[in-house]
Amino acid sequence: MPSDATNEMTKQEWRELGFFYDCDDQTRVWTLTGSRAGLLRFRDALLSYVADPRRAQKSEHEHYGPYMYLVVTTWPEAGIDGHSIFGPLADLARLAKLIEAKLAMAQPGSSFIIREEFAADSAYALAFDLQEEGFDPATADTLLPVEDAPHRDV
């Protein structure tokens, strides 16, 4: 069992990331849960990734979140699998714009899925679960103990 200090650090890392994520290999869906501001941080992470010239080479990648199992990878073809979200930098930038456009139309309490618009042959999909502003992504992590008073995000 992780120490209280480790749990607190994990909670803080979710809050800094801005959203919670999980991958369900049975349904083949990555689910990102957060407020609009929090989910836009994923868009920002993608845009930051593609803006870095070091990311232009095949197999370059970045890990995200406290558990580091969400990975964005530079690859010749666009897709989503149980390990990463991958593609050429132009396609990853296009994914960021798709996320931004869908979030602009979504209401808290709703969700949407991206698969075909990004890469029709993807083995997995990306689901976005939009919460109210102030949602604390650490509360979605079932591996962490429940807090008495919720923390508010940005």
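Points worth noting:
- For region 1-103: relative contact order, % (alpha-carbon pairs under 8 angstrom, 6 or more apart): 22
- Carbon plus sulfur fraction of accessible area for region 27-82, probe 1.4 Å, in percent: 53
- Each other residue within a Cβ distance under 9 Å of Ala125 adds +1 if Lys or Arg and -1 if Asp or Glu, for a net charge of +1.
- Angle between the chain longest axis and helix 89-105 axis [Cα atoms, degrees, rounded to 10]: 50
- Degrees, to the nearest 10: 4-17 long Cα axis against longest axis of the chain: 40
- Scattering curve values for the chain, log₁₀ I(q)/I(0), Debye with Cα scatterers, q = 0.11, 0.13, 0.16, 0.19 Å⁻¹: -0.42, -0.58, -0.87, -1.19
- Reducing region 121-141 and region 27-65 to their Cα centroids gives an inter-centroid distance of 13 Å.
- Taken per residue, the accessible surface of region 22-65 reaches 53 Å², heavy atoms only and a 1.4 Å probe.
- Folded to 0 to 90 degrees: helix 36-51 orientation relative to the chain principal axis, Cα: 40
- Equivalent-ellipsoid semi-axes of region 1-63, from the Cα gyration tensor, Å, largest first: 24, 16, 15
- Spatially proximal lysines relative to Lys11 (Cα-Cα < 29 Å; intrachain offsets below 8 disregarded): Lys97, Lys102
The values are calculated or read from the model by the stated rules, or taken from the named source; none is laboratory data. Remember, predicted model here, so these are calculated numbers, not experimental data. When we count neighbours, we look across all protein chains shown, and the Cβ atoms used for this are built from the backbone with ideal geometry, even at glycine. SASA here: full protein model, heavy atoms, side chains in, ligands and nucleic acids out. Shrake-Rupley method; radii C 1.70, N 1.55, O 1.52, S 1.80 Å.
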